[in-house]
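Report on the following structure.
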Amino acid sequence: MLSRAREKRLTQLNQGATPLNQIRHAGTTAFGPALAVERFRFGNGLEVLLCEDHSAPVVAYHTWYRVGSRHERPGKTGLAHLFEHLMFNETEKLAAGEFDRKLEEAGAESNAATWLDWTQYTIAIPRGQLPLVIRLEAERMSRLVLRDPQVKSEKEVVANERRYRVEDDVEGSVSETLWSMAFEKHAYRWPTIGWMADIEGFSTEDCQEFYRTFYAPNNATIVVVGDVTETALLSRVQEAYGHLPPSTLPLEDVHPEPPQLEERRCELSKPTATEKLAIGYHTPAIGDFDHPALSLLSEVLFGGRASRMHQALVRRLEIASEIRVFVGPFRDPGLTEIFSSARGSHTAEELLAAIDHEIAKVCEEPISSDEIERARARTELSLIAGLETADGKASTIGFYDTVLGRPAAGFERLDDLARVTASDLRRVARRYLVQRQRSVIFVRAQGNEKEAAA
Amino acid sequence: MTVQSIDIGNSRLLLESSPALPLVHLTVALSSGALEDPEGKEGLTRLTARAMRRTGGGLSQQELDTRIDSLGGSLGADVSHSTVSFTGTVIARNLDAFVDLVIDVLARPGFSEEEVALLRRETEAELIEARDNDRALARRWFSRKMFAGHPYGRSVSGRTATVPGMTAADARALYQRTWTRQNVLSTFSGDIDEARARSRAERLLDALGSGERLPDRVTDPTGPLGRSLVFVDKPERTQTQILIGGLGSHPRDPDHIALHVANTVLGGTFTARLMKEVRSKRGWSYGAYSSLPYDRHRQAFSMWTFPKASDAAACIKLELELLAAWCEKGITARELAGAKRYLTRSHAFAIDTATKRVGLALDALVYDLPPSYYEGYLDHIAEVTLERANAAIRARIDPTNLVVAVVGTAGEIEADVRAAIPDLGAHEIVPHDAD
């Protein structure tokens, strides 16, 4: 329900405003026991989520664009990520380098991230610096200058980032191969950082077209958390963004991934001391009913040193030095990735056999209530611990709102997890952790190959 | 929002209550670290801490981890050269049961032969695995050459040659010598009041043994003489990891904060000189930074970049030129003003939670920082003048005495790298899988 004070404030702000910069209150959502998220919608489509939190004199100002690598096309992969870099460059009012310099002098901590479904720009500032950040973010949403020298230089930087994260990193390159093996149709098959040839091939025109299409108020949500008041925020956001026109967003051209009917395997040879194993199971989207159960199952199997996999592979059998899992938190069905490093002369095949053994057990034998409770407690701690800073809260709100449309879905997820039963865990294990739906990569250690050949 | 410092017997408790979230954080830190490793037992302090974490109260590793997880808690052991800290977080409703487990870990470790043997084998495997990480390789070899002959040059994790020789008896002996109430500091922050924090800290201290406060036997390192290169040879590197540095500073130096401000101009931010020249202008490296870390004794100053292999030599040459210009000409008034504004305003994020504030207060005690180091931080920054900043660079940073550590494929670029370093003295190539 709209409070009378808020109604009065919005009426004042909307007086004389054009249709584009009219502000509408679009709902209140509880965010944990003590905080709330207020949603505002501008006439030009811009969404603002505000969570007032006066526990520290700082503000987190995050801008989420609903564009990620899923919106790219073959031959132009990595454009969303390259664009994230370009957003720190020249604007019509600011020379190259001035954006960062102004933020630094304001004491801001700024960063950005691009993934499959979204791009996120994060700025945390001392509370008095909020007006500057609003001006700067609005400026680069609409007045970025894209010229050949910046694009050329930033392509070099991104190519170097790729060398760092993929080419010279065993796990990075294996993960990239795994996704491209597992997906044949869906846009999740190419890496967010892009293929090297595509990065090298981008033109300034590619970047300009991408900017015009996706960087617009109707494709963005601003999340503000911290020591700020609603009135002060809305008037400044209205002034900075209210005049910006929406863009015509293209229809998404993403193809659903057809079911995988048989296991895919490949071998890679890397300059590493020990063999590695990577497995990718096709698993559901984050909004799927089964996703919480699958996450809980992965905690039981892989979460911490008391988990089944750690106990079996690292401690009992001593065949692995580590084993980890990552359950994809994506809008569309993604992968649950398992990565393990063999110990000494143990092989990737031994790792696979041991992992399969543990998975077979959860497909057959019920998981104890103690194990389920432990997995729930670990998940609860992880969520709450991520909310200590304004930045952590803004990331949580922005992520869940962007992928699920609900800013407090992190807390809803705790309720979902509380309802998961042993039957659910066995059901999702049987449904998703099946061999025909997985891709497997065996990584051979180059040094050992040479020794074997000799 | 202030940190309370409470005397408890022969120890000190730091506390800040904050009911913002239903979480309690605790840290129990030792005022000694891996510098206490006996000769030939490099890595023993870390192995001891990990063994404590796995055998507390005579429980098995699985029992301990199961109980901690079930409480919605986490407990980790971190070991550095100068301290060992056990840091835990727990959902507030389970605090008491969690503290019981922490006491088991810290005051009643079992050190079973079986667990220590398992830990030895695990550590060996991790050391081999760590060779996959080029950045870690560069850091390791940089420290080893930078602090040759000094305990800072030794690896906290140990080496594959030293770990197999460690026994449960070694761990127990080190534990008994170091983990006494006289050497321990504790902190609580979050959803806990003073009375509860004090009683839990007292229980912990009562459970620990008593002993002498450990003296600090380590002297300040002297740093390298001349310019040297250590090239870590690894096959198929498309990129290099490069660390260049020399002796740095200590917070007790009267010009430490002035140097900290000057370093911010060289490589402390995204618009600093290194980033501007290496990344923004040339696109050579994803990142380019300089750092000036502190420890209980003088640590290293270093610059870090990771250009593609074919740019490595040119990048090193450029970095050395930037370093020389910084040392000879200093920073400008505009740069100083910008760095001071950044450091002053961004300090808000060093102190925006109770846990961070307590952490800084703990650092001040563990690293024996001057009493006003953090409390007077903003005043100290404000006092830095251009003359003091530039004098600090000249006094502390010596561009003629440097270690250059490079991870790359030697056959392809080592000769070019050597040629890019003027006045290079000693140089060697080490295999990436050397111990």
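We did not get these values from a lab; they are worked out from the coordinates using the rules stated. Quantities reported herein were computed from a predicted structural model and do not represent experimental measurements. No Cβ is skipped: glycine too gets one built from the backbone with ideal geometry, and neighbour counts run over all protein chains shown.
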What is the sum of charges around residue A:226, taking Lys and Arg as +1, Asp and Glu as -1, for the other residues whose C-beta is under 10 Å from the C-beta of residue A:226?
-3
Just tell me how shielded B:129-139 is by partners: mean number of partner chain Cβ atoms within 10 Å of each residue's Cβ, no decimals.
3
For region B:240-327, diffusion coefficient by Stokes-Einstein and Kirkwood Rh (Cα), 10 °C, 1.306 mPa s, µm²/s:
120 µm²/s
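Please give me the summed charge of the neighbours of residue B:420: other residues whose Cβ is under 13 Å from its Cβ, Lys and Arg +1, Asp and Glu -1.
That works out to -3.
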Projected onto the charge dipole of chain B (unit charges on the beta-carbon of Lys, Arg, Asp and Glu, signs +1, +1, -1, -1), the Cα from B:426, B:209, B:99 with the largest positive-side position is that of B:426
Check which residues have an amide H placed less than 5 Å from residue B:108's amide H, if you skip close sequence neighbours.
B:57
Expressed in angstrom and rounded, the centroid-to-centroid distance over alpha carbons for region B:263-291 and region B:1-47 is 34 Å
At the level of C-alpha centres, the distance separating region B:308-346 and region A:239-266, in angstrom, is 41 Å
The correct pair for region B:227-431, radius of gyration to one decimal and Dmax as a whole number, both in Å and from Cα atoms, is 17.9, 52
Running a GNM on chain B with Cα contacts under 10 Å, which residue among B:325, B:339, B:168 ends up with the highest mean-square fluctuation?
B:325
To the nearest 20 debye, region B:4-207 has a Cα-centred charge dipole, built from +1 on Lys and Arg Cβ and -1 on Asp and Glu Cβ, of 600 debye
Show me, for region B:136-148, the HN-Hα J-couplings you get by feeding each phi into the Karplus relation (A = 6.51, B = -1.76, C = 1.60, θ = phi - 60°), rounded to Hz, glycine and proline as x.
5, 4, 4, 4, 5, 6, 4, 5, 5, 7, 4, 10, 4
At 7 Å along Cα-to-Cβ for each site, give me the label-to-label distance between residue B:136 and residue B:62 in nm.
2.6 nm
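Determine the shape class of the protein assembly as shown: with a ≥ b ≥ c the square roots of the Cα gyration tensor eigenvalues, call it rounded for a/c under 1.5, and otherwise prolate if a/b is greater than b/c, oblate otherwise. Don't jump to the answer; show the numbers that get you there.
Working: a/c = 1.20, a/b = 1.11, b/c = 1.08.
Here the protein assembly as shown falls in the rounded category.
Express in % the proportion of alpha carbon pairs of region B:4-207 at distances exceeding 20 Å. It would help to have the intermediate numbers written out before the result.
Values: 12046 of 20706 pairs.
In whole percent, the long-distance tail amounts to 58.
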Using the Cα gyration tensor of region A:264-453, with a ≥ b ≥ c the square roots of its eigenvalues, what is the shape: rounded (a/c below 1.5), prolate (a/b larger than b/c) or oblate (neither)?
prolate
Please list, in chain and number order, the residues 5+ apart from residue B:300 or on another chain whose amide H is under 5 Å from its amide H, with Hs placed from the backbone.
B:248
Sorted by mean Cβ packing within 10 Å, highest first, what order do the peptides A:25-37, A:346-358, B:211-223, B:256-268 take?
B:256-268, A:346-358, A:25-37, B:211-223
Separation of region B:416-435 and region A:327-373 by C-alpha centroid, Å?
43 Å
Roughly how many nanometres apart are two label points built 7 Å out from the Cα toward the Cβ at residue B:212 and residue A:229?
6.3 nm
Which whole number gives the average, over all residues in B:277-286, of C-beta atoms from other chains lying within 10 Å of the residue C-beta?
5
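Taking the Cα centre of chain B as the origin, how large is its charge dipole in debye, to the nearest 20, when only Lys and Arg (+1) and Asp and Glu (-1) carry charge on their Cβ atoms?
Numbers: 52 positive and 57 negative charges, 171 e Å.
Computed about the Cα centre, the dipole is about 820 debye.
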Please compute one quarter of the surface area of the Cα convex hull for chain A and express it in square nanometres.
23.5 nm²
Please name whichever of A:407, A:283, A:36 sits farthest to the positive end of the charge dipole of chain A, dipole taken about the Cα centre and charges placed at Cβ: Lys and Arg +1, Asp and Glu -1.
A:36
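Kindly flag which residue pairs out of A:270/A:361; B:308/B:329; A:102/B:308; B:41/B:234; A:76/A:152 have an alpha-carbon separation exceeding 25 Å in this structure.
On the way: A:270/A:361 32 Å; B:308/B:329 30 Å; A:102/B:308 30 Å; B:41/B:234 27 Å; A:76/A:152 15 Å.
The pairs that break the limit, which is 25 Å between Cα atoms, are A:270/A:361; B:308/B:329; A:102/B:308; B:41/B:234.
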For chain B, rounded, prolate or oblate, judged on the Cα gyration tensor with a ≥ b ≥ c (square roots of eigenvalues), a/c < 1.5 rounded, else prolate if a/b > b/c?
oblate
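So which GluC sites (Glu not before Pro) in region B:351-399 are both in a DSSP loop and have at most 10 other Cβ atoms within 10 Å of their Cβ?
none
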Within 10 Å of each Cβ in peptide A:383-396, how many partner chain Cβ atoms are there on average? Round it to a whole number, please.
3
Separation in nanometres of the label points that stand 7 Å from Cα toward Cβ, at residue A:269 and residue A:145
5.1 nm
Just to be sure I understand: of the beta bridges DSSP finds with both ends in chain B, what percent are antiparallel, rounded to 5?
70 percent
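For every other residue with a beta carbon closer than 11 angstrom to the beta carbon of residue B:78, add +1 if it is Lys or Arg and -1 if Asp or Glu, then tell me the sum. Working shown, then result.
Details: positive: B:46, B:50, B:53; negative: none.
Once all neighbours under 11 Å are counted, the net charge is +3.
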Taking Cα atoms, the helix A:348-364 axis meets the longest principal axis of chain A at an angle in degrees (rounded to 10) of 80 degrees
Using θ = phi - 60° and the Karplus form 6.51 cos²θ - 1.76 cosθ + 1.60, what ³J(HN,Hα) does each residue of region A:319-334 get, whole Hz, x for Gly and Pro?
9, 10, 8, 7, 8, 9, 9, 9, 9, x, x, 10, 5, 9, x, x
Kindly write out, for region A:248-263 in residue order, the coupling ³J(HN,Hα) from the Karplus curve 6.51 cos²θ - 1.76 cosθ + 1.60 (θ = phi - 60°), rounded to whole Hz, with x marking Gly and Pro.
8, 7, x, 5, 5, 10, 9, 9, x, 7, x, x, 7, 9, 8, 5
Of B:161, B:189, B:320, farthest towards positive along the dipole that unit charges on Lys, Arg, Asp, Glu beta carbons give chain B:
B:320
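Let me know the charge dipole size of the protein assembly as shown about its Cα centre in debye, to the nearest 20, where only the beta-carbon of Lys, Arg (+1) and Asp, Glu (-1) is charged.
Details: 107 positive and 125 negative charges, 215 e Å.
The calculated dipole for the protein assembly as shown is roughly 1040 debye.
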Candidates B:309, B:77, B:350, ranked by Gaussian network fluctuation over chain B, Cα under 10 Å, top entry:
B:350
Amide H contacts under 5 Å for residue B:427, restricted to residues at least 5 apart in sequence or on another chain and with H modeled in the peptide plane, are B:229
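With both bridge residues required to lie in the protein assembly as shown, what share of the DSSP beta bridges run antiparallel, to the nearest 5%?
Working: 100 of 133 bridges.
About 75 percent, rounded to the nearest 5.
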